[in-house]
Each structure stands twice: as C-alpha cells, then as structure tokens.
Amino acid sequence: MITTALRLPAPDVEALIQGRTIVAISPIFLNPGRLFALYSSDALTISLPVDRYYRSTFLSIAQKSFTDLNSQTVSIKAWARCEFCRGIKDPQALAAISRLTVWTEEALQEILSQKSNIILAYLRVYQLLQPFEVPTNSQSPFVPLQQPLPTTESLQIFGDQAFSQRRRQLENLEAPLHSELEELQSAIAQLATTNPDANKLNEHIKIFLGWSVEKPSKQLNKDLAWINDISKFGNRSIEEDTGEKSNYQAGTDFENITRRSLEFLGFKVDEAYKGGAGGLDLFCSKPYHLVGECKAGKSIPDRTVEELDRIGKRHLKEDYLKASRLIIGPGEPTKNLRESAKISKVSIIKPMTLQKLVELQAKYPGSVNLIELEPYLQAGQSDSRIDEYIEKVLKSIKLRSHIVRLVEKHLEKTGDKDVAVDALHVAYVYSNPPQQLQVEQLREILIELSSPLTGYLGREKKNGVDRFYYLRDLIIENI
C-alpha cells in the first residue's frame, strides 16, 4: 500500500508513463525500494520556458500535459519504485543524458548551475488501470494520499530486460540506438490522439524502441466492439419473444451477427444459399462445410433439426452428410430436439459460447484453429465441449507466455545475448512450468515463437545451432 506521492512536473510524469525515460529529476535523494505515487505538478524544476526545458521531440506532449492539468484536483495515473539514485555533477555528461531523456541540455545545465548536483532517480513505473483524483496540494515534495493506494491493479511499463538496458545506457552515457526512429515517433504521436491507425503505429514504434511493452486492454478494440453484442442480440430475441411470434428484427440482427462471427473466426460464409423460405441461415464452404440455423426465442422448436436436414440436403445433396451441422440459439432445446440432434449429429450452442470463441480470436489472433475445433462440435448440446476447447487453447497460450518470460529471465541472469535449446531446457525444468516438455517439444515452440508472424522471440544460427533471444512479452488476459 502506498501512502505518499512524489511531486514532479506533469510532462516528466507523462514521459515516465509513456516509457520515454526511466529517470526523474528528484528534489531529494530517494532510498532504493521506496514506493510512491506520481503527482503531476504545474511547475518545472527551474524557471525556464517550456520550449527550452524539453527537447523538440517531446515538446508538444509537454505542452499538452500542462494544458490538461486541473486547478482543483490532480489525476494519479501511476506509481513507481525507486531502483537507484545518483547525483550528476559533471557538465560533460549532460549532453548524453539529454539525448537519453526528454530534457534539453540547456535545462540540465541551468539546473546544475543552481544546485550542487542533479539528482537522477531511476524509477520502475507502473500505470494504474484506473486513475484516481486527489485534491491539489502545492506544499512539500511528497504529498500524502488521503486513501492508501494498492499496487495490484497496475501494469508495468518496462520489462526487466528493457529497464536494465535503459539503465545501462544512462550509466554508461551511451548514444540512443534509433535516434531517427525517435524523431518519427514524435511526429506520429501528435497524430495519435485523433487517428486510430497513427496510434497503433505509435504503439508499435514505442515497443520497438523499448519505451513500453504490449499491454492487455481492458476491453476490445473499438473496431471489434460488435463482439460484445453477439450474446446481447441472441438474448434480445428471448426478451422480445411474446409467446406468439418472435420479433423479426431481433432474429435478423442475431442471424447477421452470427454470420459475421463465423467469418471472423475464419470460416468462408457462402451467401449463395442464404435467403427467405427454403434457404439456409448459414453455410460455410471453407475450411470445411458447415451448415447452420439461427433460432431466436425462448425455446428451440422440435422441428429445427428436421428443417436443417431437409433444407441442407436440398441444397448440398450428398455433401450435406459430410458437413458439420450447427444450431445457434439462446433458448432451451426441447427434449425431442436434443434426441433428434444426437441422431442427426447436430451440434447446439448458445450465443455466449460463440461470443467466447470470437473474443478468444480477437485477443489472440489466429488462436482458434477451425480444424481442431470441429471435433468439439459434438452431437447435442456442445457448450461445455467448446469451453473445453477454449481452455485447451488458453493453456497453450499460457505455456508459450511462460517460455517467452523464461528466455527473458534466463538472459538477464546469465548476461548472455541468446540461449541454445539445451541450456534453456535445463532452466525450464526448474521454472515450475505449466507442463513438462521434452527438448524437441521445447525447440518446436521456440521456433514457433520466433516466427516473423509472431515475433515474441528472435532466432539466429551460430555454428549450426539455433539460439534464441527475447523480443517482447506474450501477455495473458482473462477471457
């Protein structure tokens, strides 16, 4: 629990949250291990115009940070742990420090001329999932919090390896690795607030530069917000079922979003068989034939399986018997329907089950393998079997996340740039792994994770041996 907040200029707090720097100019020496929230102040460390205090690549963000401040309250967006603190007295070091942070060399020189040294605090920063407001306080460097801040609901800005690299650069006064890309990122960041594509590119560049790690979102991308409506549209058809005739529009909406869901999962939905009386609600031609009916209302009628068999055979002839068959509906199937479904090998699922599959695919693109999914479409009610498949996929993802993290930790511990499979397997055995793997099984997963299409690890051959290195985290979200 955190009870105090460190006062810093608002742009400095934003730079820490964005991962542009790992250091703050502290008003006092901080003990390593000390925890505190980050309090955004409207004052700079010294009296200097903003455009001379911050580098041009950060200036627009700095100006906006001050503009966004509220005179009555301060939004606490992050907390930090001090890892190290040191004083800078050498004027010759200021140019290099400026290149690795957001401050101009002129500002650093001015601070040093007014103080005996510049206190740089190396901070591990954690962004809060839910910011909170505190009353404005303009007194001491440390501001007491009225309510203790728990540290659990937050996301780490840097992984251990990235933080260590940034710290080494600052301590050794090394040049930035990608100065031109930093200039590009600065230009794109100005568009990111209004352009979703620019924002996406901005995040990718920041991850590449090591300024941030991929963060799980608390909700789906805005373009995928429709996924949240799958179950809602299905349930709406129950709510609007008067007992005499289901609401036509509710049923149509449900059918349309079901079709869209199957396309998103990777099915090729064939529109040629759609439409009106005598038409199939759903027909997917690839990667295998799938025929389906969407049934709105409080119950799924007895005749649904017979209707699907009759219409399917009319359109697909002998191919119908080779197809997977599916009924999707929010209602409870009757006893006769369940028996018919088992005889005709028709799977029945609820809209929420479909939504969970689509959410899985949205959060981990490519994770739903339709060929592997097919056997789980068993005859009769199949929701529990689909849940088994989802859990199986999640276990597979968690295993890969564990391996990516293991590579990162192993390289940090050994100081090596890459690791061979045999050495990593020894570390894997003692890492409390989700499941036991043979060396060859581990090798196959490492190669998969180092594919250009995944890019969580890198791979290169040295003396004919594959060696792997860490690139980015594989973040796990609850589904």
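Full extension of the chain between K317 and L129 yields a length gain of 62.2 nm, computed as 0.36 nm times the residue separation minus the alpha carbon distance. Seen from Q435, the other residues with C-beta closer than 11 Å to its C-beta sum to a net charge of +2, counting Lys and Arg as +1 and Asp and Glu as -1.
Against the main long axis of the alpha-carbon atoms of the chain, helix 439-449 sits at an angle near 80°. Name the shape class, rounded, prolate or oblate, that the alpha-carbon gyration tensor gives for the range 354-393, where a ≥ b ≥ c are the square roots of its eigenvalues, rounded holds for a/c under 1.5, and otherwise prolate holds if a/b is larger than b/c and oblate otherwise. Taking the square roots of the gyration eigenvalues as a ≥ b ≥ c, the range 354-393 is prolate. Solvent-accessible surface of the chain, taken per residue with a 1.4 Å probe and all protein chains present: 50 Å². Take the Cα of K200, step 7 Å toward its Cβ, do the same at L181, and the gap between the two points is 1.9 nm. Estimated at 0.36 nm per residue, the fully extended path between E271 and T252 surpasses their Cα-Cα distance by 5.4 nm. Note on the chain: Cα-only Rg and Dmax are 28.4, 89 Å.
Of the solvent-accessible surface of the range 308-347, computed with a 1.4 Å probe over protein heavy atoms with every protein chain present, carbon and sulfur atoms account for 51 percent. Between A427 and R167, the distance separating the two model label sites (each 7 Å from Cα on the Cα→Cβ line) works out to 1.8 nm. Each label was represented as a point 7 Å from its Cα along the Cα-to-Cβ direction; for K64 and F29 these points are 3.8 nm apart. Is the range 44-94 best put as rounded, prolate or oblate by its Cα gyration tensor, with a ≥ b ≥ c the root eigenvalues, rounded for a/c under 1.5, and otherwise prolate when a/b is larger than b/c, oblate when not? Because a/c hits 1.5 or more and a/b fails to exceed b/c, the range 44-94 counts as oblate.
Quick check: the angle from helix 248-265's long axis to the longest principal axis of the chain, C-alpha only, nearest 10 degrees? It works out to around 60 degrees.
Each semi-axis of the equivalent ellipsoid for the range 3-51 is √(5λ) with λ an eigenvalue of the Cα gyration tensor; in descending order they amount to 19, 13, 11 Å. Normalising the average separation of contacting C-alpha pairs (under 8 angstrom, six or more residues apart) by the number of residues puts the relative contact order of the range 285-398 at 26 percent.
The values are calculated or read from the model by the stated rules, or taken from the named source; none is laboratory data. Keep in mind that this is a model prediction, so the values were computed, not measured. Positions of Cβ are backbone-derived with ideal geometry, glycine not excepted, and every protein chain shown enters the neighbour counts. Heavy atoms of the whole protein, side chains included, go into the accessibility calculation; ligands, DNA and RNA do not. Shrake-Rupley method; radii C 1.70, N 1.55, O 1.52, S 1.80 Å.
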